[in-house]
1. Here are the criteria: (1) at pLDDT below 95; (2) within 17 Å of the chain's Cα centre (by Cα). Tell me which single one Pro83 does not satisfy.
2. For residues that are surrounded by fewer than 13 Cβ atoms within 10 Å (Cβ to Cβ) and more than 21 Å from the chain's Cα centre (by Cα), tally how many sit in segment 107-132.
3. Suppose the filter is closer than 27 Å to Gly31 by Cα, in a loop (DSSP other than H, G, I, E, B) and touching a residue at least 12 places away in the same chain (Cβ under 8 Å); does Arg129 pass it?
4. Which of the residues that make up segment 68-106 are of a type in the set (S, T, N, Q), outside any helix (DSSP H, G or I) and open to solvent by 70 Å² or more (accessible area, probe 1.4 Å)?
5. What's the total number of residues in segment 43-67 that are open to solvent by less than 10 Å² (accessible area, probe 1.4 Å), over 18 Å from Lys124 (Cβ atoms) and either free of Cβ contacts under 8 Å to residues at least 12 places away in the same chain or not β-branched (Val, Ile, Thr) (or both)?
Amino acid sequence: MDAFAPTRTGRYRPKVPKRIPDDKFNEIFAGLRSNRDRALLASWVSTGARADELLDSVERDALPGQQLISVTRKGTGDTQLLPASTDSFVWLRIYQHEIWTKGAPQGRDEPLWWTLRRPWRPRKYPAARQMFNRANQLLGSNWTLHDLRHTAAFRMAVDPEMPLTHVQWVLAHARLTTTQIYTTPSADEVIESAFAHHARQARRREKPQLAPLAPGYNPDSLNTLFGGPPA
């Protein structure tokens, strides 16, 4: 009878991370209305940063030449440089060129993400969530902004050339066991793998492998004597 300890999630009902399939992500991306939103989505899904961590960035945090972006970690307040995809910086530059041409403020300490119309205001989480929800409505789906972080984590975790400890560092997980949940395959992946297994089994039954010859027998002599292996 231990004393009650409040926790964010029930011990026996933990949240299951959801990965957005690549084809669905592409559909959501195609449904976005602005280059700013494309830059945001590409950055979220490549860095694995939380939505509000990226939205709080200022201009000096983006380092295109090094392909890095700096974020302030939620909870700890630590600053961390995160690798981002080339595409995310391409969309970022296109978006910045558009808003600077319209007169948006510029400067190292100015927000990285702005509204697209005057008066210029920093892009905040509620507005970003509404943007993502509009893209969801086009597909009839219910993905969340946090699912983009899960998607980035799954993509990195299943890469055999990226150690899981590196994924842990990128996601800023305190424990490796938290990162390990992203190595668990989804139901769709398991089903696809099982179908492929059954197909391989069927091919083996249709074309059974011949038993190896006993030592001392000449394969050419046996082929001459018995007419060769079946086609």
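The values are calculated or read from the model by the stated rules, or taken from the named source; none is laboratory data. Since the model is a prediction, treat every value here as computed from it, not as a measurement. As a convention, Cβ positions derive from the backbone with ideal geometry for all residues, glycine included, and neighbour counts pool all protein chains shown. Side chains included, ligands, DNA and RNA excluded: accessible areas come from the protein's heavy atoms. Shrake-Rupley method; radii C 1.70, N 1.55, O 1.52, S 1.80 Å.
1. (1)
2. Summing the residues that are surrounded by fewer than 13 Cβ atoms within 10 Å (Cβ to Cβ) and more than 21 Å from the chain's Cα centre (by Cα) in segment 107-132 gives 8.
3. Numbers: closer than 27 Å to Gly31 by Cα: yes; in a loop (DSSP other than H, G, I, E, B): no; touching a residue at least 12 places away in the same chain (Cβ under 8 Å): yes.
When the stated conditions are applied, Arg129 does not pass them.
4. Going residue by residue through segment 68-106, those that are of a type in the set (S, T, N, Q) are 70, 72, 76, 79-80, 85-86, 88, 96, 101, 106.
Those still in the list that are outside any helix (DSSP H, G or I) too: 70, 72, 76, 79-80, 85, 106.
Selection gives Thr72, Thr76, Thr79, Gln106.
5. Of the residues in that region, 1 qualify.
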